[in-house]
Amino acid sequence: MLTKSEFQILNLLRTDSHQTQRSIAASMGKSLGKVNQDITKLQNTELLKKTDYSITKKGLKALEPYKVKNAVIMAAGMSPRFAPLTYEKPKALLKVKGGVLIEREIRQLQEAGIRDIIVVVGYMKEKLFYLADKFGIKIVVNENYYRYSNPSTLMMVLDTLDNTYVCSSDNYFPHNPFETYVYHAYYPVIFSTGKINEYCVNQTDCNGRITKAGFGGKDCWYMLGHVYFDRAFSKEFSHILKAEYDNLYTKEQFWEDLYIKHIKELDMEVRKYDSSEIKEFDNLDELRLFDNTYLNNTDSKIIDHICSVLHCQEEDVKNINPIKSGLTNMSFFFSCKGKDYVYRHPGVGTDAYINRESEAASMKIAKELGLDDTYIYIDPVNGWKISHFIHDAKTLDYHNPSHVKQAMKMLRTLHTSCKKTDHDFDIWLEIANFEKLLENNRRNGFEDSSELKETIRELRAYVNNSPVEKCLCHCDSYDPNFLIDKKGKMYLIDWEYSGMSDPAGDIGTFLSCSDYTIEEAKKLIEIYLNHKPTKKEMRHYIAYGAILSYYWFIWALYQDSVGKTVGEWTYLWYQHTKMYGKEALMLYEQ
């Protein structure tokens, strides 16, 4: 076992035996006497030749325990903060200063003699597959990238962790930071003035071992870049991760959180770098500061869309910031020539259940009726959309009478406008579609699924016996889609589910997403109709409360089956299917 000082001398002389003791001392930051003492010891133990400072075969063998065995590059995540470029390709494939980020990192690792390289992919994985043939590296697919954080990536390669560089695919190193031999596990740190929302090193011992760390800090050293796990660290970390991975908290946090939790057991040092030596870009504006070619050439179709609609140059599109990463779409805020906008990007796979031509037709009508004048442009084929941004917007409060009355008035305006499109929203076809998708994904069986289906089947027979003339409906009319600006004006946004349908469907969706009691639901129906409902009207609208609750329930199950967790909404819709279903059947049977 070499001391750190002995290791540094051997590693230095391995590549340059013409060093003098003085130059060695200067490069190590050690005293001349200490260097002389260590060199004498290395010569006496035959690790260095006595005739000169060249390393012996025995010396090379002594370095073997410190040789880097492999590298893992984490490239599975989406990096949503880097909108819109990462809507089109993984961040790892961005070009910086003329080179692809991950390709540059692979080359730098290989230049350091590290040939065993694993790239863990997930988001848009197929776009990274080419790396295997081009560089002779190994690809590992993380299918859990969308639901868990990077511990899920490390779990995929746990058995390969040894003397291992663990790298992020989006770092840029102006100069190669990788080494063939490394003495001890380390985490690079960079000093930041002011507040910073990163993992920060708060305390080290006299040897540089990290003894205290946490997220966020001020005027401190923060963790960034190519982490190195030595063999001892890998063994202990692997044991801890295996033991704690079944805990959802572990899966959803970063691996650094687990490290900090077990910092006493995990021996890792800091290695201090200047901010010029490690670059990480969190958004397009930061990248533009480093690489000004991105001012006018982002190679992004999304930016091209914006420029074509707003008649601007790429450099005019600034301050990009994701504001929504929803289950149906992704959206980001941006400014252009002093005005603020929202770009809506359709989610992957939504073409299976969203008709973008129908949405485009409805949006034009919504603007004509004054229901949503934020709308600027929508592509009727691909579904991307540009709208004005509403500053300080609030969403509808189900228990604010003014909000509710205004929302119901807007729905009445839509339903009685006599405006039509060529597109239907057939709730029964939609339900059948999702039931089929769930069957294909083997998510259609649960304890009382037959009971729910039977309730909906009975209600379908009842409502079909009293057909209502179709009108243009929003079909997604719940609280987040009613926005209220600072002046109290309400907008009805997000028309992707819209089409010609039974108007009771809009009220059904509104009810399905509320926390109303049956009595409150009946009061809502009266507000919408603007008169006291007949028994026939009441049972029809309550029935659609159940029907739409069921629709959104199976919609949520489908989302979950493809990895898009809906959360507590799923149980709410399940409960409301039963609650409104029971009430509607009672009203019909009376």
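In the frame of its principal axes, region 115-195 has Cα extents of 38, 33, 26 Å, reported largest first. For region 230-348, the number of Lys pairs with C-alpha atoms closer than 16 Å, counting only pairs eight or more positions apart or on separate chains, is 7.
Ligands, DNA and RNA are left out, and with a 1.4 angstrom probe the accessible area of the chain is 47 Å² per residue. Solvent-accessible area of the chain (1.4 angstrom probe, protein heavy atoms only): carbon and sulfur portion equals 48 percent.
Quick one: which of 75-81, 563-569 comes out on top by average Cβ neighbours within 10 Å, and what's the full order, highest first?
Packing order, densest peptide first, comes out as 75-81, 563-569.
Selection among ASN176, ILE102, PRO80 by position relative to the dipole of the chain gives ASN176 as farthest towards the positive end (Cβ unit charges, Cα centre).
Of all DSSP beta bridges located in the chain, what percent are antiparallel, nearest 5? Before the final figure, lay out the partial values.
Values: 53 of 74 bridges.
Roughly 70 percent of the beta bridges in the chain run antiparallel, per DSSP.
Between the amide H of PHE389 and those of ASP340, TYR341, VAL342, distances stay under 5 Å, these residues lying 5 or more places away or on another chain, with hydrogens modeled in the peptide plane.
All alpha carbon pair distances within region 178-247 were sorted into 10 Å bins beginning at 0; the resulting P(r) in whole percents reads 18, 40, 34, 8.
Here LYS34 is the anchor, and the aspartates and glutamates within straight C-alpha reach of less than 15 Å, apart from those fewer than 8 places off in the same chain, are GLU6. For Rg and Dmax of the Cα atoms in Å, which listed value, (i) 25.2, 85; (ii) 30.6, 107; (iii) 25.1, 81, comes from the coordinates shown? After the calculation, the listed value that fits is (ii). Each Lys and Arg adds +1 at its Cβ and each Asp and Glu adds -1 at its Cβ; summed about the Cα centre, the chain shows a dipole of about 1400 debye.
Taking the mean number of other Cβ atoms within 10 Å as a proxy for protection, how do you rank 10-18, 280-288 from highest to lowest?
Working: 10-18: 15.4, 280-288: 17.6.
The peptides rank, most packed first, as 280-288, 10-18.
Quick one: Cα centre-to-centre distance for region 193-266 and region 403-431, in angstrom? Comparing the Cα centres of region 193-266 and region 403-431, I get a distance of 52 Å.
In terms of overall dimensions, region 1-116 has a Cα radius of gyration and Dmax of 20.6, 62 angstrom. Peptide packing for 458-471, 94-107, 309-322 was compared via the average number of neighbouring C-beta atoms within 10 Å per residue; ordered from the highest value, the list is 94-107, 309-322, 458-471.
The values are calculated or read from the model by the stated rules, or taken from the named source; none is laboratory data. As the structure is a computational prediction, the values presented were derived from the model and not from experiment. Glycine also receives a Cβ, built like all others from the backbone with ideal geometry; neighbour counts cover every protein chain displayed. For accessibility, only protein heavy atoms count, side chains too; no ligands or nucleic acids. Shrake-Rupley method; radii C 1.70, N 1.55, O 1.52, S 1.80 Å.
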